[in-house]
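Just below is one structure, and these are the notes that go with it.
Read-outs: derived from the displayed coordinates by stated rules, not from any lab. Owing to the predicted nature of the structure, the values given are computational and were not obtained by experimental measurement. Using ideal geometry, Cβ is built from the backbone for each residue, glycine included, and neighbour counts are taken over all protein chains shown.
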Amino acid sequence: MTKIKKAAVFITLVAFPSILFAADPPANDFAIFLGTFKEILMKLVPIIVSIAVVVFLVGVTKFIRSADQPQEREQGRHLIVYGIVTLFVMLSMWGLVAFIVNTFFGNVTDYELKNSDVPVLTQ
């Protein structure tokens, strides 16, 4: 059998159940993937915000404790700036995502992704 015939048989066997709607539509797998991804992100966001707050506080303490050492004070100032910028970016993105979700899906408070929210192919 030539490579083209093998490829045609493989594609037919893989695509045939989908053509006859015997298999679940791939959107269900995508919805499960998005739900899992959302759960992971929802657990990571508080951790990252906590790390940014800790970096900010370490910068403040380094800045205050090394008032007589200009180089250490400069490092503390950099940590303060990095902490503030990180918090600003993360909280701004959080607000932007909330705005987009409320715009497209209405007033959603729990951000639960339902199967009806994911576009699917109709039969």
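Estimate the FRET efficiency between residue 4 and residue 40 by the formula 1/(1 + (r/R0)^6), using the beta-carbon distance for r and 30 Å for R0, to the nearest 0.05.
Working: r = 42 Å, r/R0 = 1.39.
The pair residue 4/residue 40 has a calculated efficiency of 0.10.
Determine the dipole magnitude for the range 27-112: charges of +1 sit on the beta-carbon of Lys and Arg, -1 on that of Asp and Glu, nothing else is charged, the reference point is the Cα centre, and the result goes in debye to the nearest 20.
On the way: 6 positive and 7 negative charges, 65 e Å.
My answer is approximately 320 debye.
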Q: Per residue of the range 47-56, in order, report the coupling 6.51 cos²θ - 1.76 cosθ + 1.60 (Karplus, θ = phi - 60°) as ³J(HN,Hα) in whole Hz, putting x for Gly and Pro.
A: 5, 5, 5, 4, 4, 5, 5, 5, 4, 4
**Q.** Karplus (6.51, -1.76, 1.60) ³J(HN,Hα), θ = phi - 60°, over the range 78-83, in Hz, Gly and Pro reported as x
**A.** 5, 5, 4, 5, 4, x
